[in-house]
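The values are calculated or read from the model by the stated rules, or taken from the named source; none is laboratory data. The model shown is predicted, which means the values in this text are computed figures rather than measured ones. Heads up, the Cβs are rebuilt from the backbone with ideal geometry, glycines too, and the neighbour counts pull from every protein chain shown.
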């Protein structure tokens, strides 16, 4: 099954980084967040990716074009410009890098990959969020649901510490960044049947509006509730938080072995 990743947006809320690179190329621990997302899927046996490019997409193309050599040990013979690979530690990935237009919306980008998806069930996610979601369980849940699409639903942490104050104005409980107000939100990590593409009209269709709204109205959309770690790199604070987790050796989304 192919993994489709939306990686073409402008990322304006992280302009400190995205002025010079596409958001999926912002690094955590020396590797782009896009790589971290792909490693999660690969951990569960999904190795074929369709990356939907837009803003500064050439940087993602350049990254993967040189990825094999970057991840390998090799000898160069300058006499004939030949290379001998000593150690290959690159992943067993097949990657489709698709230019889906600078101004296309999310639905339009997905629609442009229709021929590659080839009327098959596919996985779909965003290029800016990491999680420890169990992809195998997600797929099994979808396949047992008889729905056209399954969305991973998450409850993001609150932005502020929560206080429990008694009648004497004493704080008896303090929770730093607890779960939000109990609302479930779209966490990405979808499983889609191919006819989901029929709900997308053109480049200017936002997937999160008419397509998902109509699928929900028809009772064709399912929620896979994920209560463990999920975090979107929406701004500089989010980026720094993810870097801190990685540097501490306690990144919850790192399920793979080095």
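Okay, here's what the table says:
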read-out: Candidate set: the stretch 220-248, residues that are in contact (Cβ under 8 Å) with a residue 60 or more places away in the chain and in a loop (DSSP other than H, G, I, E, B); chosen: the one surrounded by the most Cβ atoms within 10 Å (Cβ to Cβ); value: 233
read-out: Some residue of the stretch 199-207 being outside any loop (DSSP other than H, G, I, E, B) and modelled with pLDDT of 95 or more; value: yes
read-out: Residue 127 being farther than 28 Å from residue 237 by Cα, modelled with pLDDT of 90 or more and surrounded by 20 or more Cβ atoms within 10 Å (Cβ to Cβ); value: no
read-out: Whichever residue in the stretch 23-55 is out of contact with any helix residue (DSSP H, G or I) (no Cβ under 6 Å at 6 or more places or on another chain) and either modelled with pLDDT under 95 or part of a loop (DSSP other than H, G, I, E, B) (or both) and, among such residues, is nearest to residue 108 (Cα to Cα); value: 54
read-out: Yes/no for residue 177 being modelled with pLDDT of 90 or more and over 17 Å from residue 122 (Cβ atoms); value: no
read-out: Test: residue in the stretch 56-67 that is buried (at least 20 other Cβ atoms within 10 Å of the Cβ), part of a strand (DSSP E or B) and in contact with a strand residue (DSSP E or B) (Cβ under 9 Å, 6 or more places away or on another chain); value: no
